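Everything below concerns the one structure shown next.
The values are calculated or read from the model by the stated rules, or taken from the named source; none is laboratory data. These numbers come from a predicted model, not from an experiment. Positions of Cβ are generated from backbone atoms using ideal geometry, with glycine treated the same way; all protein chains shown enter the neighbour counts. Note: accessible area is taken over every heavy atom of the protein model, side chains too, but ligands, DNA and RNA are not part of it. Shrake-Rupley method; radii C 1.70, N 1.55, O 1.52, S 1.80 Å.
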Amino acid sequence: MALLNFRTDERSEQALEELTADGSTTSEAIRQALVDAVRFRRREQMRAESFELMNDEDDLAESRRVLAEMDELRAW
């Protein structure tokens with residue numbers, strides 16, 4: 001595992017205080033914060049892609065075509 005050093009500022013000090021208030025160590029808090037940040041970034045990317053696809057006429061047409069096709073295959 002890598003050992004990282006970084007210089008804190010007032011904002012990061014306050015964040016660390018909040019994240020360690022439950023008894024977590026600084027290392028645990030930073031590790032979890034990194035995982036959470038990646039998860040958040042991925043969600044934001046998926047959200048942006050979703051909004052982009054909402055306005056993609058080709059994708060909408062394909063979705064409608066697949067839905068109609070599946071409707072025909074549905075058992076009554």
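A few remarks follow.
- Structure-derived Cα extents along the principal axes in Å - corresponding label in [x] 35, 20, 17; [y] 63, 23, 15; [z] 60, 28, 25: [z]
- Label-point separation in nm, L73 to A21, each point 7 Å along Cα→Cβ: 5.2
- For the chain, with all protein chains in place and a probe radius of 1.4 Å, 53% of the accessible heavy-atom surface sits on carbon or sulfur.
- Each stretch of four or more DSSP H residues adds -39500 (n - 2.57); spread over every residue of the chain, this sum gives -25000 deg cm²/dmol at 222 nm.
- Using R0 = 25 Å, the C-beta based FRET efficiency linking E13 and Q45 works out to 0.30.
- Computed over protein heavy atoms with a 1.4 Å probe, the accessible surface of the chain works out to 100 Å² per residue.
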